[in-house]
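Structure first, commentary second.
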Amino acid sequence: MSTSPETQQSGTRFLSPEVLARIGSLELISRFVVEGFVAGLHRSPFLGFSTDFAEHRQYMPGDDIRHLDWKLLGRTDRFYIKKYQGDTNAQIHILLDASASMAYGSGPLTKLQYGQYLASSLAFLGIRQHDSIGLIAFDENVLEHVPPRSKVGHMRTVLGTIERLLPGRGTTLGDRLHQTADLLTRRGVVVLISDLYEEPDKLIDGFEHLRFRGNEVIVFHVLDKQEIDFEFDEPVVLEDNETEEQMHVLPDVLRSEYIRAINAHIKALREGAARNGVDYELLKTNEPLDAALFSYLGRRSEFG
């Protein structure tokens with residue numbers, strides 16, 4: 001990654017994690033991130049959240065022709081469906097993992113900080129599009145629960161709740177997913193932000209429960225670069241943030257086995273998510289957050 005404050009990609013300037021860390025303010029970060037990629041996705045509908053920033057979407061076979069924009073057809077000879085604010089409002093529940101393992105960070109941001117910036121950006125996007133945004137933060141218990149609302153003033157409540165989060169204790173993530181599925185009374189979009197340190201089978205079972213209840217599920221798997229590449233050069237002491245267990249290891253001895261295990265974990269989660277119609281996105285805390293979101297939202301608008 002470039003060491004410059006911002007990274008240039010395809011003509012779009014992205015904020016590096018170092019810059020995000022210096023900004024600090026969740027409201028400023030969410031504005032920078034959202035306004036950047038919304039400008040880049042102008043007129044491209046983001047399915048799953050509201051598409052209020054896209055006034056129209058292209059006609060697809062099976063669409064009700066009563067919603068065709070006939071004036072636009074006359075001007076452009078192209079078929080577009082009118083999208084109304086009332087048609088696209090969604091109820092979005094952001095689930096943010098604040099367990100002890102999220103405190104790890106080998107760079108300027110911990111996983112929890114990166115997750116807080118991501119959650120804030122998604123909340124800002126949702127409120128901007130008049131969606132109802134709710135938040136559940138958890139470790140082994142629910143730490144914070146903000147019921148979904150769509151009013152502009154609700155944004156400050158959500159941001160304030162996210163901002164005061166500190167790493168908690170261990171987590172039983174699978175149980176939290178089942179609890180959330182039982183808690184939600186209205187179908188919507190569930191966005192999970194976590195390092196997903198749980199047995200894949202338990203997590204996938206939770207995904208299935210959420211999907212069974214009619215929710216769309218999006219999973220952002222947040223990991224530190226060292227958790228993926230294990231590029232330690234000297235002997236290190238690895239400590240489990242949740243159990244405080246310590247292990248003295250020689251990186252050269254452990255690296256290949258560790259990388260095999262973490263890749264197998266990621267593969268199992270990605271494949272399990274795909275089987276259940278769940279969007280899975282791996283995010284690394286050393287990469288620009290807005291670049292990762294721009295790429296993800298661009299794929300959804302193109303293939304959604």
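What follows draws every value from the coordinates through simple rules; no lab data is involved. The structure presented is a predicted model; accordingly, all values stated were derived computationally and were not measured. A quick note on method: Cβ atoms are made from the backbone with ideal geometry, for glycine too, and the neighbour counts reach across all protein chains shown.
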Provide the gained length on full extension for the span I23 to R164, in nm with one decimal, where the gain is 0.36 nm per separating residue minus the Cα-Cα distance.
49.1 nm
Go through 128-139, 171-182, 259-270 and give me the packing order, highest mean Cβ count within 10 Å leading.
128-139, 171-182, 259-270
Once a ≥ b ≥ c are taken as the square roots of the eigenvalues of the Cα gyration tensor of the range 84-143, is the result rounded (a/c under 1.5), prolate (a/b larger than b/c) or oblate (a/b not larger than b/c)?
oblate
What is the calculated FRET efficiency for K225 to R275, with r their C-beta to C-beta distance and R₀ = 25 Å, to the nearest 0.05?
0.35
Taking H as built 1.01 Å from N, whose amide H comes closer than 5 Å to the amide H of L192, not counting residues under 5 places away?
L95, I218, V219, F220
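Once you list every other residue whose beta carbon is under 9 Å from the beta carbon of D224, what net charge do they have if Lys and Arg are +1 and Asp and Glu are -1? The partial results should precede the final answer.
Numbers: positive: K111, K225, K284; negative: D195, E227.
Surrounding charge for D224 is +1.
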Phi angles of the range 259-276, converted by Karplus (6.51 cos²θ - 1.76 cosθ + 1.60, θ = phi - 60°) into ³J(HN,Hα) in whole Hz with x for Gly and Pro, give 4, 4, 5, 5, 5, 5, 4, 4, 4, 5, 5, 4, 5, x, 5, 4, 4, 9
What is the calculated FRET efficiency for T76 to R186, with r their C-beta to C-beta distance and R₀ = 41 Å, to the nearest 0.05?
0.65
5 angstrom amide H check on I133, placed H, neighbours 5+ away
I92, R149, S150
How large is ³J(HN,Hα) for each residue in the range 120-137, as worked out from phi by the Karplus curve 6.51 cos²θ - 1.76 cosθ + 1.60 (θ = phi - 60°), to whole Hz, x for Gly and Pro?
5, 5, 5, 5, 4, 4, x, 4, 4, 9, 6, 7, 8, 10, x, 9, 10, 10
